[in-house]
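Beneath this line is the structure, given in structure tokens, with notes to follow.
The values are calculated or read from the model by the stated rules, or taken from the named source; none is laboratory data. Just so you know, these numbers come straight off a predicted model, no measurement behind them. With ideal geometry, Cβ positions are generated from the backbone for all residues, glycine too; neighbour counts draw on all protein chains shown.
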Amino acid sequence: MTDYAVVGLFALLGILYVGGAIVASRLLGTKGRDYKHKHVPYECGVLPYGTARIQFKVGYYLFALVFMIFDVEALFLFPCVSIFRDVCDGEIATLAAIQVMLELLVFIGILGLGLLFAWRKGVLKWE
């Protein structure tokens, strides 16, 4: 089989799988309007009341955004440190090790400036 035939076979199987799920849903699901709460959002068995439009303070979003920034920082630091360890091979004074260390320091410095900016703007104050 050629590569295109394999891709076509998998595409056909995917379409049949999804189509079969849709057909099974139509055949086995509830019909028409006999189920009166079908279009009501699920609220743990309690019928919802009031509006879903609630305004939150912007500070919550900003705090979550700063958390995500530093979560991504931690995510990127672990592979960088393992690369630094592999590049060093016991000798820290090599040119490659110094380059990797400078890149890590620039990365941490930029994130530190972001933290300082958020701190000065009062984003980290929880009221």
Exercise for the section: For the range 93-108, enumerate the residues that are modelled with pLDDT under 85 and of a type in the set (F, W, Y). Expected result: none
Fill in the blank from the handout: For the range 51-85, the count of residues that are exposed (fewer than 10 other Cβ atoms within 10 Å of the Cβ), over 20 Å from the mean Cα position of the chain (by Cα) and at pLDDT 75 or above equals 7
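Is it fair to say I98 is in contact with a Leu (Cβ under 9 Å, 6 or more places away or on another chain), in a helix (DSSP H, G or I) and of a type in the set (V, I, T)? Break it down stepwise before answering.
Working: in contact with a Leu (Cβ under 9 Å, 6 or more places away or on another chain): no; in a helix (DSSP H, G or I): yes; of a type in the set (V, I, T): yes.
Judged against the criteria, I98 is not a match.
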